[in-house]
Amino acid sequence: KNQVEQSPQSLIILEGKNCTLQCNYTVSPFSNLRWYKQDTGRGPVSLTIMTFSENTKSNGRYTATLDADTKQSSLHITASQLSDSASYICVVSAGSKRTYKYIFGTGTRLKVLA
Amino acid sequence: DGGITQSPKYLFRKEGQNVTLSCEQNLNHDAMYWYRQDPGQGLRLIYYSQIVNDFQKGDIAEGYSVSREKKESFPLTVTSAQKNPTAFYLCASSRQGFGNTIYFGEGSWLTVV
């Protein structure tokens, strides 16, 4: 069964601190993995995309890693800001050119405190 | 500005009523999607369309209907057959093809009163 699991479910950190969010997947055949940021009551926005051959990719203070062997990805947030408070969703693309689907994790809810 | 516009942002439905959520995109995307989001759950696919005049059921299509008469538009009707419609609904679009980035609208909150 294709599944994407994220941990922790929720996280509270102080402003300026770093944090790492985890995503484990059992999806086949794997195409790519994306991290989205979703502010409360708004639509998700793509942060980064990881393909099979990529290990690390950065987008400002966000750094995503991918280990295709262990089927794990992480999103590291450096020097957190209050505006980082949101849900972070891991999405894996699976399938082939003819039939494919996007499989969503349940998200990690991050709260950054002043 | 290019993007996906959903309306209304907030909608209240009485028991037994059908309601329609609007979704318009000007990104020239072929594929469009409707997702439902409930607290503590991942997004679940309701319907998707890869081309005009064609659409497919997703994982939770019962109680919903869609149409795709224009490339830019993909309205979702929540019928009275949907027994638990209170949720956050997200419309999305992407270029045609496997693994392309999905772009989301701002969402619509539907509440049954």
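The values are calculated or read from the model by the stated rules, or taken from the named source; none is laboratory data. Since the model is a prediction, treat every value here as computed from it, not as a measurement. Glycine gets a Cβ as well: all are built from the backbone with ideal geometry, and neighbour counts include every protein chain shown.
Numbers below:
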{"read-out": "Matching residues in segment A:59-86 - criterion: being within 14 Å of A:E5 (Cα to Cα) and of a type in the set (S, T, Y)", "value": "A:T70, A:S73, A:S74"}
{"read-out": "Candidate set: segment B:64-89, residues that are in a loop (DSSP other than H, G, I, E, B) and modelled with pLDDT of 95 or more; chosen: the one farthest from A:Q9 (Cα to Cα)", "value": "B:E69"}
{"read-out": "Matching residues, segment A:68-98, being within 14 Å of another protein chain (Cβ to nearest Cβ), assigned to a loop (DSSP other than H, G, I, E, B) and within 18 Å of A:T26 (Cβ to Cβ)", "value": "A:S96"}
{"read-out": "Residue among A:T106, A:T65 that is closer than 26 Å to B:M32 by Cβ and either within 11 Å of chain B (Cβ to nearest Cβ) or under 11 Å from the mean Cα position of the chain (by Cα) (or both)", "value": "A:T106"}
{"read-out": "Out of A:S28, A:S10, sole residue that is away from chain B (no Cβ under 13 Å), in contact (Cβ under 8 Å) with a residue 60 or more places away in the chain and among the small types (G, A, S)", "value": "A:S28"}
{"read-out": "Total residues in segment A:37-55, condition touching a strand residue (DSSP E or B) at 6+ places or on another chain (Cβ under 7 Å) and either charged (D, E, K, R) or within 8 Å of another protein chain (Cβ to nearest Cβ) (or both)", "value": "8"}
{"read-out": "Residue in segment A:32-49 that is more than 23 Å from B:C91 (Cα to Cα) and part of a loop (DSSP other than H, G, I, E, B) present", "value": "no"}
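Residue-by-condition table, conditions (1) surrounded by 15 or more Cβ atoms within 10 Å (Cβ to Cβ); (2) away from chain A (no Cβ under 14 Å); (3) out of contact with any Ser or Thr (no Cβ under 7 Å at 6 or more places or on another chain):
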position	(1), (2), (3)
B:E62	no, yes, yes
B:R68	yes, yes, no
B:V78	yes, yes, yes
B:Q82	yes, yes, yes
B:Y89	yes, no, no
B:A92	yes, no, yes
B:G97	no, no, yes
B:I102	yes, no, no
